[in-house]
Amino acid sequence: MVEVDLYGKDLITTQEWAMEEIEATLNLAREFKTKYVKRELPELLKRKTFFMLFYAPSTRTRAAFEAAMTLLEGHAQFIDVSTTRLEEGEAIKDVAKMYEKYGNGLGVRILDQAIDFVYGKGNWVVREYAKHAEVPVINMACCSFHPTQGLADLMTVQEKLGNIRGKKYVIMWGYSRKFRGRCSIQEEMLVMTRFGMDVTVAHPPGFELDPKLIDAAKENAANSGGSLEVSHDYKSALHEAHVVFPRNWASAALLKAGASELGRENESRLHEKYRDWTLTQELVDLMDDRAIITHVLPVLRGEEAEDKVMDSAHSVIYDQAENGLYTKMAVLALTMKERLFP
């Protein structure tokens, strides 16, 4: 295993970690996966505490981080932001310094309703904690990025496809009556282009991603030998795809103005125009015969994708969720354990 020194380092997005740091994290995650089966996990984080500050709800992220700390003999403490004094005006700086004194790492999750869908606001909050805390700050999902999800999905794609360079990865906008932010969409686009995949982002007009991150992904692709394309034609995008990730995200207009300003009804009407953007079995037949279907969950069944598609042999959604445990374990161990490699 390549030795890297990530002790004390923040993880806001995988884009800000070097390739060797990402690869070392994935290697350690695979090692943890093997050791977990054999019940041979090391007590790397014994008597260490990871504070998890949630502005937004979670099904998998909270559970996986808590399990990860437990398996490494540490402790994860869940903190619902509504139970703190932050909503009464307490400064982020003061909270960051307090948790720094009490523990060894801090995770922050802030997106969607917690920020009225205003793009950039959640990422600013995460970076504000990182600015003031002397312990590593882990982004557990913000409006812009979801780095531990990106690592888990990269690990899964590599497991299922082997050498992923030159393989076609399609991020497909999916119809939904509810809408979400761009976090995992943009994280996937960035990390997959760094690893040489041919990434296509397919979405209707009006749902463009952050132009600065589009440029960053294009630069990633140029450096890795991959590619990035944007398409408004999901059928042509899905042709011969090796990986398809169907997920809804809100329009660029809503993410700029916020849900309160633009109005949820206006956004819903826009989404209704594209009800046909649903991953169906007919569309799966356009993909490579051995293609996999991914999703960060929750998948909005019957909207983003058909039930039978998400429950088919192509679907790897539960493998992704499992790998999220091991990649989170690796991130926590590498950032919170001094001299991990003796």
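The values are calculated or read from the model by the stated rules, or taken from the named source; none is laboratory data. As the structure is a prediction and not an experimental result, all values here were calculated from the model. Backbone-built Cβ (ideal geometry, glycine too); neighbour counts: all protein chains shown.
Can you tell me which residue among K212, K273, K235 is in the same structural domain as V309 (by TED's automatic domain parsing), within 19 Å of the chain's Cα centre (by Cα) and farther than 21 Å from I317 by Cα? Working first, answer last.
Working: K273 fails: within 19 Å of the chain's Cα centre (by Cα); K235 fails: within 19 Å of the chain's Cα centre (by Cα).
When all the criteria are applied, what remains is K212.
Taking the range 121-157 as the search range and keeping residues that are over 16 Å from the mean Cα position of the chain (by Cα) and not charged (D, E, K, R), which one is nearest to G324 (Cα to Cα)? Give the derivation first.
Restricting attention to the range 121-157, the residues satisfying the condition of being over 16 Å from the mean Cα position of the chain (by Cα) are 121, 124-125, 127-136.
Then keep just the ones that are not charged (D, E, K, R); that gives 124-125, 129-130, 132-133, 135-136.
Values: W124: 24, V125: 23, Y129: 23, A130: 22, H132: 27, A133: 25, V135: 22, P136: 19 Å.
Applying the filter and picking the extreme gives P136.
Which residues, taken from the range 153-184, are part of a helix (DSSP H, G or I), under 15 Å from L297 (Cβ atoms) and not hydrophobic (A, V, I, L, M, F, W, C)?
D153, T156, S184 - these are the residues of the range 153-184 that are part of a helix (DSSP H, G or I), under 15 Å from L297 (Cβ atoms) and not hydrophobic (A, V, I, L, M, F, W, C).
Whether any residue in the range 298-318 is of a type outside the set (A, V, I, L, M, F, W, C), at pLDDT 95 or above, closer than 30 Å to V4 by Cα and not in a loop (DSSP other than H, G, I, E, B) is what I want to check.
Within the range 298-318 (the criterion being of a type outside the set (A, V, I, L, M, F, W, C), at pLDDT 95 or above, closer than 30 Å to V4 by Cα and not in a loop (DSSP other than H, G, I, E, B)), the answer is yes, since at least one residue qualifies.
Looking only at residues in the range 7-44 that are aliphatic (A, V, I, L, M) and either touching an Asp or Glu at 6+ places or on another chain (Cβ under 6 Å) or assigned to a helix (DSSP H, G or I) (or both), which one is farthest from T335 (Cα to Cα)?
Step one: of the range 7-44, the residues aliphatic (A, V, I, L, M) are 11-12, 18-19, 22, 24, 26, 28-29, 37, 41, 44.
Add one more test, that the residue is either touching an Asp or Glu at 6+ places or on another chain (Cβ under 6 Å) or assigned to a helix (DSSP H, G or I) (or both), and what stays is 19, 22, 24, 26, 28-29, 37.
Values: M19: 16, I22: 12, A24: 12, L26: 14, L28: 12, A29: 13, V37: 24 Å.
Filtering first and then ranking leaves V37.
Picking from R301, R290, which residue would you name as being over 16 Å from the mean Cα position of the chain (by Cα) and within 28 Å of T25 (Cβ to Cβ)? It would help to see each step written out before you state the result.
On the way: R301 fails: within 28 Å of T25 (Cβ to Cβ).
Matching residue, one of R301, R290: R290.
Can you tell me which residue among G324, G258 is within 26 Å of R62 (Cβ to Cβ), in contact with a helix residue (DSSP H, G or I) (Cβ under 6 Å, 6 or more places away or on another chain) and small (G, A, S)? Can you show your working first?
Working: G258 fails: in contact with a helix residue (DSSP H, G or I) (Cβ under 6 Å, 6 or more places away or on another chain).
Step by step, each of G324, G258 is checked, and only G324 is within 26 Å of R62 (Cβ to Cβ), in contact with a helix residue (DSSP H, G or I) (Cβ under 6 Å, 6 or more places away or on another chain) and small (G, A, S).
Name, by its number, the condition in (1) surrounded by fewer than 22 Cβ atoms within 10 Å (Cβ to Cβ); (2) at pLDDT 95 or above; (3) outside any loop (DSSP other than H, G, I, E, B) that does not hold for S260.
The single condition S260 does not satisfy is (2).
Looking at (1) crowded, with 24+ Cβ neighbours inside 10 Å; (2) free of Cβ contacts under 8 Å to residues at least 40 places away in the same chain, which is the one condition that is false for M140?
Result: M140 fails condition (2) only.
Within the group V296, V309, V331, which residue is among the hydrophobic types (A, V, I, L, M, F, W, C), surrounded by fewer than 24 Cβ atoms within 10 Å (Cβ to Cβ) and in contact with a strand residue (DSSP E or B) (Cβ under 8 Å, 6 or more places away or on another chain)?
Details: V296 fails: surrounded by fewer than 24 Cβ atoms within 10 Å (Cβ to Cβ); V331 fails: surrounded by fewer than 24 Cβ atoms within 10 Å (Cβ to Cβ).
Going through V296, V309, V331 in turn, just one is among the hydrophobic types (A, V, I, L, M, F, W, C), surrounded by fewer than 24 Cβ atoms within 10 Å (Cβ to Cβ) and in contact with a strand residue (DSSP E or B) (Cβ under 8 Å, 6 or more places away or on another chain): V309.
Conditions tested, residue by residue: (1) of a type in the set (S, T, N, Q); (2) in contact (Cβ under 8 Å) with a residue 40 or more places away in the chain.
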| site | (1), (2) |
| --- | --- |
| S236 | yes, no |
| A241 | no, yes |
| N248 | yes, yes |
| L262 | no, no |
| E267 | no, yes |
| H271 | no, yes |
| L279 | no, yes |
| E282 | no, no |
